[in-house]
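The values are calculated or read from the model by the stated rules, or taken from the named source; none is laboratory data. Remember, it's a predicted structure, so these values are computed and weren't measured experimentally. As a convention, Cβ positions derive from the backbone with ideal geometry for all residues, glycine included, and neighbour counts pool all protein chains shown. Please note that ligands, DNA and RNA were not included when accessible areas were found on the heavy atoms of the full protein model with its side chains. Shrake-Rupley method; radii C 1.70, N 1.55, O 1.52, S 1.80 Å.
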Amino acid sequence: MSPTRQDAWSQDEDLLLAEVVLRHIREGGTQLQAFEEVGKQLSRTSAACGFRWNSYVRKQYKSGIELAKRQRKELKKQVVTTEGEVIQDSVKVETVSSPVGCEQGTTITFPAVIHFLEGIHQKAEDWASYEVDRKNSLDKIKELEKKTFYLAAENERLSKNLKAIEEDYRSLIEIMERARKMVVLQDEDRQQKVKFQMDKNGNLERVEK
């Protein structure tokens, strides 16, 4: 049976959903595949994951989506370039009977073959090194994206707290202002109710109105 969780989404679940969807966008996958992957991890349906992404999470990561799309384009360019180099190497291997420096029909020397093979070996090593660097770069990008997700969520939480504090502050100021006005009115009223008169000894005494 499909998972049917109905509880509210937590902050960590939103972060996981964003991270998986952006990874699929970056690597050329589909959002449906991302929703299914997240659904399995969170015991939710892919439809629930898709609804949460489109109704809330996607709006929080517009810049992340654009970055993932640019990275996908760059990866496609790298694949095309790599395939071109492989095709060129294949052509060179097929035409090894006529290496550079040898005319058509001449005998291929052993040193020429060794030199040619060493060149191919060097290209293979360079490609392996490039792959390692590319993998390390992708790992760093994923780590930075994850930190960005957490910082964005923390910023949203702090913004909400700040808004609540500002509202409480305004309410407190209004209460203090009303209390001040009440005190002023009471003082004025008290002054109006008090008068002085002279007693039989010629002294002023306070008399309530």
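Accessible surface comparison of Tyr169, Tyr56, probe 1.4 Å, protein chains only, largest first: the order is Tyr169, Tyr56. The fraction of accessible area contributed by carbon and sulfur in the range 1-43 is 49 percent, rounded to a whole number (1.4 Å probe; ligands and nucleic acids excluded).
Here the relative contact order of the range 6-86, from alpha carbon pairs under 8 Å that lie six or more residues apart, stands at 31 percent. Of the whole protein surface, Val38 contributes about 0 Å² of accessible area at a 1.4 Å probe radius. Taking Cβ atoms as reference points and 12 Å as the exclusive limit, the residues near Ile25 contribute a net charge of +3, counting Lys and Arg as +1 and Asp and Glu as -1.
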